[in-house]
Amino acid sequence: MSAILIIEQILNGLQFGVMLFLMAAGLTLIFGVMGLINLAHGSFYMVGAFAAAAVAGVTGSFLLALIAALIVAALAGAMVEMVVIRRLYASDHLDQVLATFALILIFSEGTRWIFGSFPLYLNTPATLSGPVTLPGGIQYPLYRLALIAVGLAVWGGLWWLIERTRIGIQIRAGENDREMIAALGIDISRLYTLIFALGAALAGLAGALVGTIQSVQVGMGEPVLILAFVCIVIGGIGSIKGAFIGAILVGLTSTLGGIFLPELFKVFTDPATAQAAGASLASMSIYILMSLVLIWRPTGLFGARA
Amino acid sequence: MNKLLTCAAALALCAGAASAEIKVGMITTLSGGGASLGIDARDGFMLALEQSGRDDIEVIIEDDQQKPDIAVQLSDKMIQSERVDVMTGIIWSNLAMAVVPGAVNQGVFYLSVNAGPSQLAGPGCHENYFNVAWQNDNLHEAAGAWANQTGYSNSFMLAPNYPAGHDALTGYKRLYEGESAGEIFTELGQTDYAAEIAQIRASGADSVYFFLPGGMGISFLKQYADSGVDIPVIGPAFSFDQAILQAVGDAALGVVNTSQWSKDIDNPTNAAFVESFEEKYGRLPSLYASQGFDTANLLISALETAEPSDADAFRAALKAADFDSTRGEFSFGANHHPVQTIYAREVVKEGDIYTNKIIGTAIENHADAYVGECSM
């Protein structure tokens, strides 16, 4: 196991983490501010990827594809909030889970109805394809480096939005006391629509960026959604900083666990058993991490609510 | 006049009902992530029926949603209330294991268009079960044989951590004579292979064998092409069918895969099949479509000599496999699984379409490894 391999795996873990952050940020904002469990968040991820693939197929431009992913996912988010979610703020979490689960089915079958069952084509633009050589002789795909950069930029942008702008103050106030800010004359329903659309747009962006190196197909969002929930539980629900730290932890644990656990097991047992046992334990590792964090801090690393 | 028309319509109805003498139940996957396989198999099957011109075969098609429990319900309904004579269509091995043993034990004939789990080829073989596609290990074994022919001696192997993934690597290693540079079982449904690709890069392998069906294969191939690792890749045809290739694009070009069928197998049946499929459905057929087409033609050939009600004669007619296969020569081994030639294909681009071209024969007249365990 060489140093180059380890550094490459850490980069892979980081890249996975920042993409999870794009999903987790929207989820945590929506849960933190509106108290809503949104299972349909994975659908916005899928909608973004399909919008990007459709636009890239017609125009051939990757930049336009990303813009389309943001806009279409934001519109889908705003529409869903106004038509369905708005009626659920007062309901308990079970109703929200049921309704948003129904939305998953509607989005999945709707997408299949429009685009068919076959996976769509979406590929990295020529300027970002292929590997680059990093200092130390590490060959790493340029596109994945770009993903890390985009993820960090979005984190910075969100931090600025929430800590330094008027909208950010309203969002933070909404997290603390929604009746009070409504009483202060802020249009709370407009704020909710905006947050929901923002969260959906981030999920759509993640879908387009990740769909480029994976496969754009119906149902692609749900596995990511589960991981994003793990991230926000680890980080503390409602906290952007927590979502970021949680996402990076999950990304690194999942990537490094998959590599090092089988190697570790090989010290004790024969390679075939070590491989199988290591692979199984690696897929459990993030949930073990989550349990440990929750035992240590029941509200998550940066969670405020008791 | 009106009265006359009603009579005519009623007569047509009566005639229609009376002439549908053979009932075929098709349970296949038409929704969800694996739908493209079921759709292709169904379309190939229906194309062959249409071309035969027979109007006495009624096909009842149901969607199993890739769920074993639903497949079992559908099969019970087809056998008990629809009283089908023949069943077919199942794509996935876990569904086949849930449905086939029960169906054949109730006297129904089952013709498999795709799934060929080892249990049904070995100790669990049955006189009413025929597999027109393959035994699951076949394409993996052929890939191992092709690796030997190409001179690969240090393969890195990759498959998802589930039964078919373990079978895949077992199948590959059965004929492969070189060393192992590493074996990884990935999570089923995994979409990011950066970590595995880094291990491949560091392993010093001279070839990579992977079995990642569906969306997993799309992700792997795109990421592999982008990583700059240039170790040659081989895989079974499952990751290189017509639907998947269009989503992978350039990243698949030049990759070698093993298949018992290819659109450029040179025989008149195959040429006519490819042309008529493309004309009817507006897309190139996949190997699943060819398997559906062959299954229907096997059924039609058997119906020409015997009725399913005469089970022994019908079974013998199926066993004879007296039909023109898209694969050329076709015969069944003792366990009712095909003995067939498997080719190595390379992914090429024809115009705007990505497709496969045969570059050699991986293994000839190959039966499966389990035939000895079958007591028929």
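The values are calculated or read from the model by the stated rules, or taken from the named source; none is laboratory data. What you see is a predicted model, and the numbers here were worked out from it, not measured in a lab. Positions of Cβ are backbone-derived with ideal geometry, glycine not excepted, and every protein chain shown enters the neighbour counts. Just the protein is used for accessible areas: all its heavy atoms, side chains included, with ligands, DNA and RNA removed. Shrake-Rupley method; radii C 1.70, N 1.55, O 1.52, S 1.80 Å.
Quick notes on this structure:
- Legend: mean number of C-beta atoms from other chains within 10 angstrom of residue C-beta atoms, peptide B:178-188, equals 3.
- Protection-proxy order for peptides A:95-107, B:209-221, each taking the mean of Cβ atoms within 10 Å per residue, highest first: B:209-221, A:95-107
- FRET efficiency, B:Ser153 to A:Ala146 (Cβ-Cβ, R0 51 Å, nearest 0.05): 0.85
- Ranked by how many other beta carbons lie within 10 Å on average, peptides A:252-264, A:24-36 from highest: A:24-36, A:252-264
- Pairwise inverse Cα distances across chain B, averaged and inverted, put the Kirkwood hydrodynamic radius at 21.4 Å.
- Of all accessible heavy-atom area on chain B, the percent that carbon and sulfur account for (1.4 Å): 51 percent
- The helix-based estimate of mean residue ellipticity at 222 nm for chain A, built from -39,500 (n - 2.57) per DSSP H run of four or more residues and divided by its residue count, is -26000 deg cm²/dmol to the nearest 500.
- Euclidean distance between Cα centres, segment A:1-72 to segment A:168-245, Å: 12 Å
- Between A:Ala173 and A:Ile106, the FRET efficiency from the beta-carbon distance, with R0 = 30 Å, is close to 0.35.
- Shape box of segment A:13-296 [Cα atoms, principal axes, largest first, Å]: 65, 51, 38
- Theoretical FRET efficiency, 1/(1+(r/R0)^6), r = Cβ-Cβ of B:Leu253 and A:Val132, R0 35 Å, to 0.05: 0.95
- Per-residue ellipticity at 222 nm computed for chain B from its helices equals -14000 deg cm²/dmol, with DSSP H segments shorter than 4 residues left out and the rest contributing -39,500 (n - 2.57).
- Percent of alpha-carbon pairs separated by more than 22 Å within segment B:48-123: 23 percent
- Measuring nothing but how far apart in sequence close Cα pairs (under 8 Å, 6+ apart) lie, relative to its length, segment A:1-159 scores a relative contact order of 30 percent.
- Drop in accessible area of at least 50 Å² in the complex versus isolated chain, residues of segment A:136-155, 1.4 Å probe: A:Arg144
- Average 1/r across all pairs of distinct alpha carbons in segment B:254-334, invert it, and you get the Kirkwood radius: 13.9 Å.
- Of the residues A:Leu128, A:Val72, A:Gly157, the one whose Cα sits farthest toward the positive end of the charge dipole of chain A, with +1 on the Cβ of Lys and Arg and -1 on the Cβ of Asp and Glu, is A:Gly157.
- Most fluctuating residue given options A:Ala69, A:Ala228, A:Ala51, as computed from a GNM of chain A linking Cα atoms under 10 Å: A:Ala51
- Using the alpha-carbon positions of segment A:112-234, Rg (one decimal) and Dmax (whole number) come out as 19.0, 60 Å.
- In the protein assembly as shown, the ratio of gyration radius to Kirkwood radius, Rg to Rh, stands at 1.01 when only Cα atoms are counted.
- Chain B: relative contact order as a whole-number percent, Cα under 8 Å and 6+ apart: 18 percent
- By the compact-protein rule of thumb, 2.2 N^0.38 Å, the alpha-carbon radius of gyration of segment B:232-376 corresponds to a ratio of 1.16.
- Take every Cα pair under 8 Å whose residues are at least 6 apart in sequence, average their separation, divide by the length of chain A, and the relative contact order is 34 percent.
- Spacing of the two label points (7 Å from each Cα toward its C-beta) at B:Ala272 and B:Ala313, in nm: 2.6 nm
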